[in-house]
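Structure, as structure tokens:
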Amino acid sequence: MTDRFSAWNSWLADTRIGLLGLLLCCCAMSATAGFQADRAVAAVKSLISSGEVDSNAVIKLVVKQGNIANFLGNEHELKRVWEQQTGILLDVRIMPQLPSLEYIKSNPNVDITIARNREYPDLVEQQLITELGPLANRFSMPLADDSESGYLLPQYQAYLGDKLVAIPADGDVAVLYIRKDKLEDEANQALYLHRYGEPLQPPQSWQEYQQQVEFFHQPDQEFYGSVEQRDLASGWMFWIPRYTSQSFPNQYLFDEQMRPLIDSPAGVAATESYRATVAYSPPGILKAGNSYTYTLPLFANGYGYSTMITLAGAKVFGLSSSKIKDKFLAVPMPGKRINGEIHRRTTLIYGNNIVIPSSSEQPELAFLFAMWLTDPDISVTGLSVKGGFADPFRYSHFTDPGLQQIYGAQVLDTVAAELDSVVPAGTGLPGDVEYINALNRNLHRVASGTLSASQAMAETSRDWNLITDRYGRELQIKRWKQILKHYPGAVSKP
Amino acid sequence: MILLVGALLFISNGIIRDASERLADIHRTQVKPLAEVNELQSKINRVRVTEIYLPLMGDYFALAAEIDRLHTLIADFDQSFDRFKDHTKSIYPLEIKSINNSWKRLRGNLQKVAEAASLSQLDDARRISTYESSPRFVSLSRTLDGLAQKIKIESDSVYQQALSSLEKKRRQFLIISVMAVLSGIGLLLLFSRSLSVRVGYLRRAFNRIAEGDMDETLEIKGNDELAELAAAFAVMKEKVRSREQALNLARDELEVRVQHRTQALHDTNQQLSAEVEERRKAEQNLRILSQAVSQSPVSIIITDNTGSIEYVNQAFTTITGYSSEEVKGNTPRMLSSGKTAFATYQQLWTTILAGGEWEGEICNRKKSGELHWEYTHISPVKDENDVITHFLSIKQDVTEKKAQQEKILYQAQYDSLTDLPNRMLALDRLESTIRQSRRNNIKAILMFIDLDGFKHINDSLGHDVGDVLLIQAARRLRDSVRAVDTVARHGGDEFLVIMGGIEDRDDGLPVVENLLSAFADPFKIAGNDLVVTASIGLALYPDDGEDANVMLRNADMAMYQAKDNGRNTFHFYNPSIHEHLSKRLELEKYLRHAISKQELSLAYQPIIDMDGERVVAVEALLRWSCGALGEVSPVQFIPLAEQTGLIIEIGNWVIENACQQLKQWHNMGYPHLSVSVNISPRQIQGEDLHQTILQHLHTNELAAEQLILEMTEGMLIRNPAEARRILISLKDLGVQLAMDDFGTGYSSLSNLKNYPFDLLKIDREFVFDIEDDPADRAMVLAAINMGKGLGLKTIAEGVETQRQLDLLRDMGCDRVQGYFHSKPLKAEQLQSWLERNSVIE
């Protein structure tokens, strides 16, 4: 236990070091597009010429079916460019739909793969991924975080404490999508005003959102008020924004002694809000396995008023084959009205960022490839392909004309404005898989009608206490105190 | 001379015009259509690959993009095909019509595939792709291949004709040019010779006259200037005084004439130069033709008749990486990869040395070492004596096309999830094994394997976990068989193992044991320890069938028998299984309509509390009066309903009817009566049970504790942890839980205490002999004491005599049920029974 704590303590040590690192990164602020990629290619050539790396070396890359196109480019364009520029070949495979932890554990022969933000703590805890700070120092390639072209939210996307553990490649901030044509329809506006005494406009609060979900629900015409996911595996994603927005500055998951706060009135209210959409959702919404692969086709084919997903949603809703092309809006997550102002929170719900497994035989090449791929210019090429769920992850992506064309300027502006409201994904603690599994299980029981909201939060709270004890309460308390520092502190405006 | 020059100009112009027209014609009718057919082949392959990939896209983001890509590729093919039609419909009208028809039908299927995929209906997309698009794609692809072949054959013929025609013209041109030059030289010589003879005669005469020989006579015939000069000279002779002047005049005039003749000679030379220039232009045109060959996009090699390379074009060096200098003097053997069959080369040489043409595919190696496939056409080149002087080889790189064909073939034969042979390939291999066994007079075994409990895992933990489980299960199966055996995925959670070279059916048993033990360890997936076993059915060739389909059917039936025998075991096929299954299928057919035909009913048997002997509950028992088969015993149809999944619908019907009936009895004055219904393991694991119970309790305004759910021990033994979770969640609803048939299974005290049961029902088997058999008496007493120890109420089933009742009361049993009090009764009969026995609650 002491060893584990020492290791963790070193990761979460004085954040001043992290801030200093971030300050140094500012030196890279002026890095022009393409510069990062050129540096990476030059470093690879240098490694080959020095004999440190065999020119016949191959990087073994494993990504998911949904983002392989983002890594390889249209018709494998990026793969060809990398191989032509460096001579280092890429061996690409597809990862099954498994948690990265499971995959990395059972597949040692991988140089570079992907993991979600909330998986970092368990991956680091079990020493399954490589710390990237030494590689960044060796190649003098710090992670840029400037507001022109730097990486978004590096404190969540790249770092665990002050340790660099991942290279961001997917900025999965959740937003609410609603049907613009339904919202702007004059008959709907008149009826809504008559029924509720207020104008029909993008929902600001969770209460307004629920009201609109009920208003637009027409199951006899196969049109549902909400197609938010409610399957067993993804409950937390849609509960966290509801829960964390309940109090100013944040409704936290634990107090400073790691006692769960979720069985509070705030937790019950968030859970009730989570449950309330189920009655206005399609029949299969609770079924196991009905994730976004179930909800997005429904929304894209015009069967629903609202859904919640990342920026990638806008990409598929805007395809020429989509039935709602030009008929949807992305709006900020609703919030809670506190002292007359709307208090919003959202989170990174998927986020497939780049990690290098500890078992990698080519960590240097893997790191340089990751830096090359996430270069401001190269990454625009990767994000521009039609397939792929990777989302903009650098500030420059929000202003890129090509990406504005693909995602829609309105959608990009909405997400850019939400960045200040993003809270950490999951708990951010080792054991996150177990904490979130317990939460998901009980949320599903609430949604299925077999448990009340208060019972569910009470049971989850009991489960969380057991998990905390198993991981060592004192150790978890120290870690939690570090995580608390990363929560946002501002109230966003309506 | 002028005629000759004119003829030369005419012929050379004809050669150039003819070559240009032929080039344009070849380009229009051969080269361009061939290139466009190749383009269409490539595009339709891309369309097909994308279509096949669509149903494999588990992630919606990737799927949506692939759908978009498919639409783009369809539009692209449309455009290319429209262009192709415009160019070639007058040349290949039949083929264009056929391609047009095939494409229209295929495009319709592709639209359906895209539509199904856009709604995530991937099974529909896969079905359309496999059964509707596939034959249409093959038809279209073959038509394109045929057209390409036809164009290629025609182009070879036209090319040969063009070469032959040009050669003929070239020879004509050379002969006439030579004749023209020789004629010009001859005329020039004749003219100069005539002139010099006559001038010489004059010169000699003048010399003599100059020397004073005035008697010299000058006789020159003709009427040209020289004759006149001679005459004048004669006059001069006569007129001595003027001789000098006349002589000078004559000389001057002669010089003028010589100059004129010299000018004529110069003009002739000019004409000859012009002719040479014309010839140079003709040669230049021949060079253009040569460049056309050199710059052709297909690879061309010309060897001498021993195979030694004399010429390669630019396309050859680009494709192979060898320069022209590196290959000249070598034979094409230097490109050999060793991958092409010796017989192919043998056939090639036999054909071309006999003067014939050969075409086929050859795998060669580039300078870089990379392998590539070439479609090669070799034809001999003969001289005017019909002797082979050279060989012309035209090669087209078909590596990508072959790779695409191999990929499509692989996808058609292998299961994309497990990488095992699919059903189609498995049947193919089974037929092959049967043929081999028949030839060698030996046996073969087919195993049909079904994973027990897979469906539940797939439904409860999701398809992702299910898919990983199938991958791992496939790996274990593959590791458990011999290297020569085939393991295939039949579909869903069903696998096949084909074993050839068997002497006796027992030879398969070691492999069967390996397979069963391979499933002993749980599967670790996504943090879960999943226990899955296998049921295996075996069919032996030739004893259980001599045909692949019969073997498959019989192995399938044997597998069902293994399932019936308790799962996690194996069973050899025997004919009685067939009969048994036929009966079962007939029963299943009628059972499927039992609810809609209102053939099901419920009978109720009272449960009596020992304390005051009052009725506290009734057990609802299912009855089936089938229109075709008459009364069917529950022993027959309930296990069948369980196996087929019908039990969920029937079980819900039981709960609904039992709750309605209970409400009626409550309204008739028995408000404290409870009803007990039997719940099957499959029903418990279903998703709707909670909702069904809540709905019917709510609709009939019943308190949850008035519904008792009875379940047997089997469910607890199979997956204790899962059973505990489910029972706790049912208990959360407020209903009572009873363990049915206690004592017949393997339950232990430790098992019981872990589950939230309220009631323990002792099986009638023990109660039956309780009066005579001390062992049964001891067993019942132990069960009652155990139940009390755990805080459970005990119910003895099958009580038929007063003595049994007395003994059970003495033992402390809480409740009894049996014929002693009442047999199971129809609802209205039970009401009368309640009234008669005056035990109103």
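Values quoted throughout were computed directly from the atomic coordinates according to the rules given, and no laboratory measurement underlies them. All figures in this text were calculated on a predicted structure; none of them were measured in a lab. Heads up, the Cβs are rebuilt from the backbone with ideal geometry, glycines too, and the neighbour counts pull from every protein chain shown.
Per residue of peptide B:456-469, the mean number of Cβ atoms on other chains within 10 Å of the residue Cβ is 4. Once the Cβ-Cβ distance of residue B:83 and residue B:547 is raised to the sixth power relative to R0 = 60 Å, the FRET efficiency obtained is 0.75. Inter-chain Cβ neighbour count for A:287-294, averaged per residue, equals 6 (cutoff 10 Å, partner chain atoms only).
Using the average count of surrounding beta-carbon atoms within 10 Å as a protection proxy, the listed peptides A:293-299, B:588-594 rank, highest first, as A:293-299, B:588-594. Restricting to bridges with both residues inside chain B, how much of the DSSP beta-bridge set is antiparallel, in percent to the nearest 5? If I count the DSSP bridges inside chain B, around 75 percent turn out antiparallel. For chain A, take the longest principal axis of its alpha carbons; what is the angle in degrees between that and the long axis of helix A:235-244, to the nearest 10 within 0 to 90? Helix A:235-244 sits at roughly 80 degrees to that axis. The angle separating the long axis of helix A:35-49 from the principal Cα axis of greatest extent in chain A is about 40 degrees. The distance separating the Cα centre of the stretch A:207-235 from that of the stretch B:514-583 comes to 45 Å.
Summarising the strand pairing of the protein assembly as shown, around 70 percent of its internal DSSP beta bridges are antiparallel. The Rg/Rh ratio for the stretch B:370-442, using Cα coordinates for both the radius of gyration and the Kirkwood hydrodynamic radius, is 1.32.
Here the protein assembly as shown has an Rg and Dmax of 46.7, 192 Å, counting Cα atoms alone.
Between residue B:349 and residue B:704, 0.36 nm times their residue separation minus their Cα-Cα distance comes to what? Stretched out fully, the residue B:349 to residue B:704 stretch lengthens by 118.8 nm.
Against the empirical 2.2 N^0.38 Å (N residues), chain A has a Cα radius of gyration ratio of 0.97.
Hey, rough spin-label estimate for residue B:359 and residue B:306, points 7 angstrom out along Cα→Cβ, what's it come to in nanometres? Those two pseudo-labels are separated by 3.1 nm.
Neighbouring Cβ atoms from other chains, within 10 Å of the Cβ of residues in A:83-96, number 1 on average. A simple spin-label model places pseudo-atoms 7 Å from Cα toward Cβ; at residue A:465 and residue B:42 they are separated by 6.9 nm. Hydrophobic, long helices, defined as DSSP H runs whose alpha-carbon span along the helix axis is 30 Å or greater and whose mean Kyte-Doolittle value is at least -1.0, occur in chain B at B:2-26, B:32-53, B:60-88, B:93-118, B:134-210, B:646-667.
In terms of Cα atoms, the Rg and Dmax of the stretch B:575-723 work out to 16.9, 57 Å. Across the stretch A:179-231, C-alpha contacts under 8 Å between residues 6 or more apart give a mean separation that, scaled by the residue count, equals a relative contact order of 19 percent. As a rough footprinting exposure proxy, the listed residues B:349, B:624 were ranked by other beta carbons within 10 Å of their own, and the order from fewest upward is B:349, B:624. Amide H to amide H, with H built 1.01 Å from N, residue B:676 comes under 5 Å of B:618, B:619, B:620, B:708, counting only residues 5 or more places away or on other chains. Going from the residue with the fewest nearby Cβ atoms within 10 Å to the one with the most, A:82, A:236 rank A:236, A:82.
Shown in residue order for the stretch A:258-274 are the 3J(HN,Hα) couplings computed by the Karplus curve 6.51 cos²θ - 1.76 cosθ + 1.60 at θ = phi - 60°: 6, 8, x, 9, 7, 8, 8, x, 5, x, 5, 4, 4, 5, 4, 5, 5 Hz (x for Gly and Pro).
The per residue volume of the convex hull around the alpha-carbon atoms of the stretch B:425-471 is 81 Å³. State log₁₀ I(q)/I(0) for the stretch A:164-221 at q = 0.12, 0.18 Å⁻¹ as given by the Debye formula over alpha-carbon point scatterers of equal weight, solvent excluded. The computed values of log10 I(q)/I(0) come out as -0.40, -0.67.
The HN-Hα couplings worked out from phi for the stretch B:357-367 by the Karplus form 6.51 cos²θ - 1.76 cosθ + 1.60 (θ = phi - 60°) are 9, 10, 9, x, 9, 10, 9, 10, 10, 7, 4 Hz, whole numbers, x standing for Gly and Pro. Spatial offset of the stretch A:289-356 relative to the stretch A:30-109 amounts to 30 Å, using the alpha carbon center of each. Amide H contacts under 5 Å for residue A:95: A:63, A:64, A:65, restricted to partners 5 or more places along the chain or on a different chain, H placed in the peptide plane at 1.01 Å from N.
Taking every Cα-Cα distance in chain B and sorting them into 20 Å bins from zero, the calculated P(r) comes out as 11, 25, 22, 15, 11, 7, 5, 3, 2, 0 percent. Which parts of the stretch A:453-490 would a label at residue A:339 reach, counting a residue when its backbone N lies under 16 Å from a point 7 Å out along Cα-to-Cβ? Answer for this model: A:489-490. The Cα center of the stretch A:112-183 and the Cα center of the stretch B:89-156 differ in position by 46 Å.
Sorting A:45-51, A:454-460, B:632-638 by average packing, meaning the other beta carbons within 10 Å per residue, from highest down gives A:454-460, B:632-638, A:45-51.
For the stretch A:121-217, the Kirkwood hydrodynamic radius from C-alpha pairs, put into Stokes-Einstein at 4 °C and a viscosity of 1.567 mPa s, yields a diffusion coefficient of 74 µm² per second.
Its convex hull of Cα atoms gives the stretch B:7-147 a direction-averaged projected area, equal to a quarter of the hull surface, of 9.6 nm². The calculated FRET efficiency for residue B:149 paired with residue A:214, based on their beta-carbon distance and R0 = 51 Å, is about 0.20.
So what is the calculated 222 nm ellipticity per residue for chain A, using -39500 (n - 2.57) for each DSSP H run with n of 4 or more, over all residues, to the nearest 500 deg cm²/dmol?
-13500 deg cm²/dmol
Applying 0.36 nm per residue to the separation of residue B:440 and residue B:172 and subtracting their alpha-carbon distance, the gain on full extension is 89.4 nm. Which angle from 0 to 90°, rounded to the nearest 10, does the C-alpha axis of helix A:186-196 make with the longest principal axis of chain A? The angle comes out near 70 degrees.
Going down the table (B:793/B:823; B:339/B:367; B:761/B:823; B:85/B:150; B:32/B:395; A:182/A:323), which pairs top 19 Å between alpha carbons?
B:793/B:823
Ordered by the count of other Cβ atoms within 10 Å of each Cβ, fewest first, A:38, B:386, A:145, A:326 give B:386, A:326, A:38, A:145.
Note on residue B:733 and residue B:517: the extension gain reaches 73.8 nm, defined as 0.36 nm multiplied by sequence separation minus the Cα-Cα distance.
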